[in-house]
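Read through the structure below, which is laid out as structure tokens, and then see the notes.
The values are calculated or read from the model by the stated rules, or taken from the named source; none is laboratory data. This one's a predicted model, so the numbers in the text were calculated from it and none came from an experiment. Methodologically, a virtual Cβ is constructed for each residue, glycine included, from the backbone with ideal geometry; neighbour enumeration extends over all protein chains shown. All accessible areas refer to the heavy atoms of the entire protein, side chains included, with ligands and DNA or RNA removed. Shrake-Rupley method; radii C 1.70, N 1.55, O 1.52, S 1.80 Å.
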Amino acid sequence: MGCGRFAQARQSRKLAEGFKLRRINEVANWGREWQKGGDWSSHSSSQEQARSLVPAYLRFVRMMCGDKPVRAQASGLDIGAGAGCIAAALASFGGLQMTASEWNEDGIKLINRENPGLPTRMVDLMSFDDRDKWDFILCRELYPFTRTNAFSDQADMVSRAIDALAPGGVFMLIGSTVSFPHCADYDLLIRSFRKDARVQGVRGPFLEAVLLRFKLYAIFGRPGYKLANALAKMVIPLIKGRRWAAVGVTVFQKRNG
Ligand SMILES: C[S@@+](CC[C@H](N)C(=O)[O-])C[C@H]1O[C@@H](n2cnc3c(N)ncnc32)[C@H](O)[C@@H]1O
């Protein structure tokens, strides 16, 4: 075999390694170091980021699902809240009664350190089993969605979140394609839950980047918003190049009883 063939074989072995399936338990364990007191700012949204994201999320939910799930005093749970800045902003901008959750003690301590006064709770989404309780549940950039493609486990987690919603409540799933192909197949999840009898509607994925500019499209209502999303999905990758990671936002609304 010539040198070129060796190099080729090495290259395809490397590629195959890259596509090896990451197990869901393995990726869910990530994050312990920065939660223990390291620099969390590149793993979890800061207060400043939360201040621009949260008004955009609230506008989006109101436009797609109505006011009820995010009205003042609605009960909200942020699962995998990181430092808790988004949950804190939902409480202060939207008046929601937010609980920030993490799945281990270090994570809870980090929330308490960065956002003291915010109610916390230990929740592992993989075994979460609340029923008909929350008006609004948020999961943003959870590793079990963003760092592996494990459809059955991911569908199970979405299903648990839907069970935990009060009638008419909304589950907002925000996830990037940063580790593509190691990320959820969001389109397949959406197609599957559109057939679910518990669910009134599923909308998404909308680009977070579009949500942030939503005020511009608000006058055109939902159709303008959908058009902007479709255009952005075509144009942004051309501008940013192939390594661009989309952050998609999807809302699942539970039936009203
Ligand atoms: C990248 S951080 C995102 C933090 C925050 N949601 C944000 O967007 O700023 C991912 C978080 O998911 C949490 N996580 C991972 N697996 C989880 C699970 N099974 N249940 C709940 N949270 C989990 C991690 O502890 C980590 O804080």
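Worth a mention:
- Each residue in the stretch 34-59 was checked for being more than 11 Å from the ligand (Cβ to nearest atom), over 13 Å from ILE111 (Cα atoms) and open to solvent by 90 Å² or more (accessible area, probe 1.4 Å), and 3 pass.
- For the stretch 139-155, the count of residues that are small (Gly, Ala, Ser), touching a helix residue (DSSP H, G or I) at 6+ places or on another chain (Cβ under 8 Å) and surrounded by fewer than 19 Cβ atoms within 10 Å (Cβ to Cβ) is at least one.
- The C-beta contact set for the stretch 32-44 (first residue modelled with pLDDT of 75 or more, second residue open to solvent by 50 Å² or more (accessible area, probe 1.4 Å) and near the ligand (Cβ under 8 Å from one of its atoms), distance under 7 angstrom, 6+ apart or interchain) comprises TRP34/HIS43.
- Taking every residue in the stretch 173-184 that is open to solvent by less than 10 Å² (accessible area, probe 1.4 Å) and among the β-branched types (Val, Ile, Thr) and pairing it with any residue that is modelled with pLDDT of 85 or more and not in a strand (DSSP E or B), at least 6 positions away or on another chain, the pairs with Cβ-Cβ distances below 8 Å are ILE174/GLU141; ILE174/GLU208.
This table checks each residue for (1) touching a residue at least 40 places away in the same chain (Cβ under 8 Å); (2) among the basic types (Lys, Arg); (3) in contact with an Asp or Glu (Cβ under 8 Å, 6 or more places away or on another chain).
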site: ALA83; (1), (2), (3): yes, no, yes
site: ALA87; (1), (2), (3): yes, no, yes
site: MET98; (1), (2), (3): no, no, yes
site: TRP103; (1), (2), (3): yes, no, yes
site: ILE108; (1), (2), (3): no, no, yes
site: ARG113; (1), (2), (3): no, yes, no
site: PHE128; (1), (2), (3): yes, no, no
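- Test: residue in the stretch 244-251 that is of a type in the set (A, V, I, L, M, F, W, C), under 15 Å from the mean Cα position of the chain (by Cα) and assigned to a loop (DSSP other than H, G, I, E, B): yes
- Taken over the stretch 69-80, the residue count meeting the criterion of being open to solvent by less than 10 Å² (accessible area, probe 1.4 Å) and either in a loop (DSSP other than H, G, I, E, B) or near the ligand (Cβ under 9 Å from one of its atoms) (or both) is 3.
- Qualifying residue in the stretch 139-162 (condition: away from the ligand (no atom under 13 Å from the Cβ) and more than 21 Å from LEU188 (Cβ to Cβ)): no
- Taking the conditions (1) over 18 Å from ILE162 (Cα atoms); (2) more than 18 Å from the chain's Cα centre (by Cα) in turn, ALA74 satisfies each one other than (1).
- Residue check, GLU17 open to solvent by 40 Å² or more (accessible area, probe 1.4 Å), within 12 Å of the ligand (Cβ to nearest atom), part of a helix (DSSP H, G or I) and modelled with pLDDT under 95: no
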